[in-house]
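Asker: Pasting a structure below so you can have a look.
The values are calculated or read from the model by the stated rules, or taken from the named source; none is laboratory data. Quick caveat: nothing in here was measured; it's all calculated off a predicted structure. Cβ coordinates were reconstructed from backbone atoms using ideal geometry, including for glycine residues, and neighbour counts include every protein chain displayed. All accessible areas refer to the heavy atoms of the entire protein, side chains included, with ligands and DNA or RNA removed. Shrake-Rupley method; radii C 1.70, N 1.55, O 1.52, S 1.80 Å.
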Amino acid sequence: MPLPGIEDGRRRAIIERMEPLIDGGRFPIKRTLGESVVVEADLFADGHDLLAGTIQYRREEEPDWRETPLAPLANDRWRGSFSVDRLGRYRFRIAAWVDHFLTWRHDLARRETPEDITVALVIGGALVEAAAQRAGNDDALKLRTWAARLRGDAPLALRRATGLNPELEALMRRYPDRRLENHSEQVGDVVVDRPLARFGAWYEFFPRSCSAPSGHGTLHDCEARLAYVAEMGFDIVYLPPIHPIGQTHRKGRNNSLTAETNDPGSPWAIGSAEGGHKSVHPLLGSLEEFRHFLAAAEARGLEVAIDIAFQCAPDHPYVGEHPEWFLHRPDGSVQYAENPPKKYEDIYPFHFEAEAWEPLWLELKSVIDFWIEQGVTIFRVDNPHTKPFPFWEWLINAVKSEHPEVLFLAEAFSRPKIMYRLAKLGFSQSYTYFTWRNTKWEIEHYMAELTRGRVREFFRPNFWPNTPDILPEYLQYGGRAAFMNRLVLAATLSASYGVYGPAFELLEGRAREPGSEEYLDSEKYQVRDWNLERPDSLREFITRVNRIRRENPALQHDWNLRFHPADNPELLCYSKWSDEPANLLLVVVNLDPHHTQSGWVDLPLDDLGIDSTHPFQAHDLLTGSRHLWHGSHNYVQVDPARSPAHIFRLRRRIRTEHDFEYFF
């Protein structure tokens with residue numbers, strides 16, 4: 001009669017503390033195609049028997065587990081890894097069991113008396129014979145031969161050596177007795193995205209400004225802008241909302257409550273009699289012209305991201321057709337958006353606590369589906385932290401189950417736990433606090449949080465020095481050098497970064513008023529005329545930085561970041577490296593945009609794989625200069641008037657077995 005609650009009391013292997021798991025396996029970790037998932041767990045059992053274990057993994061839709069072995073580290077900790085080679089979701093768990101053959105082999109090596117050895121060899125022969133019954137034809141024959149040798153008439157020392165033979169051990173590891181194996185209580189999930197979720201450069205521009213000063217830009221005008229963006233080396237063109245803009249309570253220039261006749265309004269006030277979230281603003285063009293724009297971008301090697309802002313202007317068709325989706329005030333009017341003391345009279349938020357929440361969810365998903373049908377696979381989501389978490393988890397999972405190539409960027413400048421929860425729920429990337437991290441201490445501690453702890457398993461940062469909503473104080477007063485060093489920091493600290501242009505490369509640093517992060521003459525409320533050929537443009541500098549990113553694999557990952565001591569608090573020093581192909585970069589940034597700063601940096605040459613007994617070359621990829629450095633303690637000087645940073649490629653000396661030295 002089975003004991004209550006006991007499946008099989010003979011299962012002795014214990015599995016604890018499996019990692020990586022997010023909230024005990026409640027949420028998936030993230031990887032991109034080709035990356036590895038390193039899994040660790042504590043494996044142990046009662047007594048002195050030895051264990052064996054594997055990682056079992058499979059794609060979510062596959063019925064059968066694949067396996068890769070675990071190897072012991074120390075103190076009963078084990079580690080293994082598997083690679084993900086298809087988009088979608090994977091599952092993984094740990095299997096472990098007491099391995100009686102490995103235990104027998106371990107004890108055989110320690111036995112001393114002939115009597116003990118003789119008995120042990122008989123037992124070993126039985127273990128090998130049992131494995132032969134689990135093996136295929138060829139291996140079964142080999143195992144029976146090994147069993148016969150263990151139980152044969154050869155001298156005892158020879159038979160003992162047979163039991164300790166590595167070839168026998170390798171063969172037995174292929175056919176272990178796993179009838180009493182245990183599995184981890186938790187099962188982990190991995191969401192696998194395209195490499196663009198890990199590494200890419202974004203460029204944002206407003207389509208309506210593409211033909212200024214001659215008038216409101218069109219999608220055809222935007223096609224001409226694509227060459228400019230592609231030549232700078234960006235990967236993604238991001239467009240603010242391209243939908244019709246409401247007339248009621250339309251905002252004027254500089255967020256004025258009164259709009260003039262020709263004021264275009266904010267693109268985030270979505271919807272009018274001309275259509276809503278599934279329409280293109282008629283001054284921009286048609287859906288057919290939008291699809292042509294997508295094809296033109298693809299021909300330039302660019303992908304297009306569009307803005308998803310789930311909110312409505314008062315004129316949006318939803319307001320009249322589905323009043324049940326909105327919150328109404330006591331006087332019967334629809335509640336507009338506000339964040340006291342700020343008011344957004346031109347925007348109505350959806351009421352996610354409405355009785356008709358299910359039809360609302362389905363309609364909003366249909367918006368994403370519609371744009372996927374047009375060819376869009378990247379969405380920048382506006383203010384996701386103001387919509388319910390369950391909604392995002394449902395929507396993103398539903399979309400990615402049908403279209404695993406789709407990526408979502410969360411624009412949620414909110415409290416850390418809220419930003420992290422959105423990432424756990426499925427957002428592929430996230431805006432960050434980088435925009436306001438300026439000092440050496442702030443940057444080092446923030447990067448440690450993003451790249452060293454469990455956060456890195458689910459939160460992919462995307463660094464933006466500026467956005468249409470945010471003109472940081474540092475850029476308002478730092479001048480050209482401030483824009484340059486923020487670009488270098490964003491592009492080298494994070495594998496994904498973006499800029500709002502042409503405001504960025506044209507050094508737009510004018511605030512609406514002192515103490516404000518709002519732009520003067522913000523493009524959110526008016527068409528702007530940008531002179532892309534201005535001689536002071538950072539266009540060439542941005543092109544150089546993006547080329548460095550593409551040519552150096554070390555900059556295409558986040559977890560390989562390491563900071564190094566510099567004796568000047570205005571100098572930030574860090575390295576990134578990759579092994580395949582071999583690539584080592586050292587970045588030194590002057591955080592002071594006004595003055596030359598110098599100092600000594602200390603590098604752990606042994607950890608970096610550099611022979612400390614020989615000089616090594618530091619090639620500055622920004623300026624082209626080359627330096628021959630000696631030892632771990634080296635002097636640097638950074639003049640922001642010339643270049644506010646060094647991006648050194650360190651060329652390490654390697655000694656081969658033939659004593660031939662070469663650099664890479």
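Asker: In region 296-318, what residues are touching a residue at least 40 places away in the same chain (Cβ under 8 Å), of a type outside the set (D, E, K, R) and out of contact with any Lys or Arg (no Cβ under 9 Å at 6 or more places or on another chain)?
Answerer: If the condition is that a residue be touching a residue at least 40 places away in the same chain (Cβ under 8 Å), of a type outside the set (D, E, K, R) and out of contact with any Lys or Arg (no Cβ under 9 Å at 6 or more places or on another chain), then Ala296, Ala297, Gly301, Leu302, Val304, Ala309, Gln311, Cys312, Pro314, His316, Pro317, Tyr318 are the ones that fit.
Asker: Of the numbered conditions (1) crowded, with 17+ Cβ neighbours inside 10 Å; (2) modelled with pLDDT of 95 or more, Leu608 fails exactly one; give the number of that condition.
Answerer: Failing condition for Leu608: (2).
Asker: Still on this structure: Please find, among Leu471, Leu409, the residue that is out of contact with any Phe, Trp or Tyr (no Cβ under 6 Å at 6 or more places or on another chain) and under 30 Å from Ala511 (Cβ atoms).
Answerer: Leu409
For every residue, the table says whether it meets (1) touching a strand residue (DSSP E or B) at 6+ places or on another chain (Cβ under 9 Å); (2) farther than 27 Å from Phe459 by Cα; (3) part of a loop (DSSP other than H, G, I, E, B).
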site: Lys30; (1), (2), (3): yes, no, no
site: Leu43; (1), (2), (3): yes, yes, no
site: His48; (1), (2), (3): no, yes, yes
site: Arg89; (1), (2), (3): yes, no, no
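Asker: Taking the stated definitions as given, is Arg91 closer than 15 Å to Val37 by Cα and either open to solvent by 30 Å² or more (accessible area, probe 1.4 Å) or in contact (Cβ under 8 Å) with a residue 40 or more places away in the chain (or both)?
Answerer: So Arg91 fits the description; yes.
Asker: Yes or no: His277 in a loop (DSSP other than H, G, I, E, B) and either among the polar types (S, T, N, Q) or surrounded by 22 or more Cβ atoms within 10 Å (Cβ to Cβ) (or both)?
Answerer: When the stated conditions are applied, His277 passes them.
Asker: Suppose we filter region 333-356 for residues that are part of a strand (DSSP E or B), open to solvent by 30 Å² or more (accessible area, probe 1.4 Å), under 18 Å from Phe413 (Cβ atoms) and modelled with pLDDT under 95; how many remain?
Answerer: Residues flagged as part of a strand (DSSP E or B), open to solvent by 30 Å² or more (accessible area, probe 1.4 Å), under 18 Å from Phe413 (Cβ atoms) and modelled with pLDDT under 95 within region 333-356 amount to 4.
Asker: In region 50-70, what count of residues is obtained for those that are open to solvent by less than 50 Å² (accessible area, probe 1.4 Å) and either farther than 30 Å from Arg194 by Cα or assigned to a strand (DSSP E or B) (or both)?
Answerer: Residues that pass the stated criteria total 10.
Asker: Working only within region 537-592, note down all residues that are within 21 Å of the chain's Cα centre (by Cα), of a type in the set (Phe, Trp, Tyr) and not in a strand (DSSP E or B).
Answerer: Across region 537-592, the qualifying residue is only Trp559.
Asker: Further, regarding this structure: Among (1) touching a Cys at 6+ places or on another chain (Cβ under 7 Å); (2) surrounded by fewer than 24 Cβ atoms within 10 Å (Cβ to Cβ), which single condition is Cys222 missing?
Answerer: For Cys222, the exception is condition (2).
Asker: Being free of Cβ contacts under 8 Å to residues at least 12 places away in the same chain, over 30 Å from Asp23 (Cβ atoms) and open to solvent by 20 Å² or more (accessible area, probe 1.4 Å) is true for just one of Ala157, Ala130, Ala140. Which residue is that?
Answerer: Only one candidate passes the filter, namely Ala157.
Asker: I would also like to ask the following. Kindly provide the set of residues from region 188-214 that are touching a Gly at 6+ places or on another chain (Cβ under 8 Å), open to solvent by 10 Å² or more (accessible area, probe 1.4 Å) and closer than 16 Å to Phe458 by Cα, ordered by number.
Answerer: Within region 188-214, Asp189, Val191, Pro195 qualify.
Asker: When you look at Ala224, is it part of a helix (DSSP H, G or I) and touching a residue at least 12 places away in the same chain (Cβ under 8 Å), yes or no?
Answerer: So Ala224 passes the test.
Asker: Criterion first (surrounded by fewer than 21 Cβ atoms within 10 Å (Cβ to Cβ), β-branched (Val, Ile, Thr) and out of contact with any Asp or Glu (no Cβ under 6 Å at 6 or more places or on another chain)) does Ile443 satisfy it?
Answerer: So Ile443 passes the test.
Asker: On the given criteria, is Asn583 polar (S, T, N, Q) and surrounded by 22 or more Cβ atoms within 10 Å (Cβ to Cβ)?
Answerer: For Asn583, the condition - polar (S, T, N, Q) and surrounded by 22 or more Cβ atoms within 10 Å (Cβ to Cβ) - is not met.
Asker: Also, I was wondering about something else. Identify all residues within region 376-408 that are of a type in the set (Asp, Glu) and open to solvent by 50 Å² or more (accessible area, probe 1.4 Å); write none if there are none.
Answerer: Across region 376-408, the qualifying residues are Glu402, Glu405.
Asker: Could you count how many residues in region 319-332 are open to solvent by 40 Å² or more (accessible area, probe 1.4 Å) and in a helix (DSSP H, G or I)?
Answerer: 4
Asker: Next question, about the same structure. Tell me the residue from Arg512, Arg534 that is open to solvent by 50 Å² or more (accessible area, probe 1.4 Å) and in contact (Cβ under 8 Å) with a residue 60 or more places away in the chain, please.
Answerer: It is Arg512.
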